[in-house]
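Undergrad: My questions all concern the structure below.
Just so it is clear, none of the values below were taken in a lab; they were calculated from the coordinates. These numbers were taken from a predicted model, which means no experiment stands behind them.
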Amino acid sequence: MGKSTAAARLPRSKGTDMATVYEPKDCARKVRHLVLPGQNRRIVEEFMTILEMREEFDSHGVPIPNKIVMYGPPGTGKTLTAFHIAASLGLPLVLVRLDALIHSHLGETGSNIRRIFDYARSVPCVLFLDEFDAVARTRESGDEVKEMARAVNTLLQCLDEFGDGSVFVAATNLETELDAAIWRRFDTRMTYRMPDEGERCNYIRLLIGEFACSEDAEASAAERLCGCSFADIEQILLKAKRKAIIERAALSREHVELAYREYAPEPAERKPPRPAEAPQPVELI
Ligand SMILES: Nc1ncnc2c1ncn2[C@@H]1O[C@H](COP(=O)(O)OP(=O)(O)O)[C@@H](O)[C@H]1O
Ligand SMILES: [Mg+2]
């Protein structure tokens, strides 16, 4: 389907499109270096296999899964996985803009949720709702309780009526605050965590690629960047590469050390549960 058809019918709110549409080839370009831990890789692969066997599943009367929830700390690959799924399915990724979705006027948020789900039902796509907890918080907590309760109820209905022409993917940093009824609506759940040693080494190797580096650069980076998220590792190595380029030198332990100190990632345990900044833009390049 052409971009224009998909984009033309996107619902709008507050004077802007309620979502950004990425064509499958744009999605593929963003996920060249995805490191998926074993369990999540298996979940994604099985998910793809099932969608390819749609007719067999229909003939057995077994519904296909198409609602995925991902939870875990920031910078561990949730958004990237959504792009990967869209690219693999050859479907556009419809990335919902939370700022446009959530509205201060009573009832508007619910009606926006309905409109974006209607859109996703009419156009085969991967509908991606990041920072899902902003909409799906437990109905008992927080301010504006009534308004959010209504939005959650609308979301429940939309999930039930979603059909199977599109895939819904939701991501959150806060597993515990999700409404239990919402939680049950998902047929596929994936947990994300900080990279372990093997994943960190793999990722660093991927990022360094063909870049000239001294003998100990890779190993020292793997040690120094222990505790960092994938996103932190990526940013620190980019900084380190820039330093090496400026000096016209091979990437060294010192470049990584300096870059690490300048970047100064917060230790994971001291990170606030929910970042204060606005909904994450797609920082994938
Ligand atoms: N598992 C991963 N494999 C490869 N790169 C990753 C991974 N996780 C994060 N990154 C890098 O960090 C960036 C931000 O990751 P993102 O998927 O947005 O994290 P999250 O959605 O979990 O906060 C990605 O664009 C990518 O460059
Ligand atoms: Mg994200």
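Undergrad: Please list, ordered by chain and number, the residues whose modelled amide H lies under 5 Å from the amide H of Arg189; skip anything fewer than 5 residues away on the same chain.
TA: Amide H to amide H, under 5 Å and 5 or more residues apart or across chains, Arg189 pairs with Val69.
Undergrad: For segment 190-198, take each phi angle, set θ = phi - 60°, evaluate the Karplus expression 6.51 cos²θ - 1.76 cosθ + 1.60, and give the result in whole Hz per residue in order, putting x for glycine and proline.
TA: 10, 9, 10, 8, 4, x, 7, 4, x
Undergrad: Something else now. Compute the length gained on full extension between Arg29 and Arg12: take 0.36 nm times their separation in residues and subtract their Cα-Cα distance, giving the result in nm to one decimal.
TA: 3.4 nm
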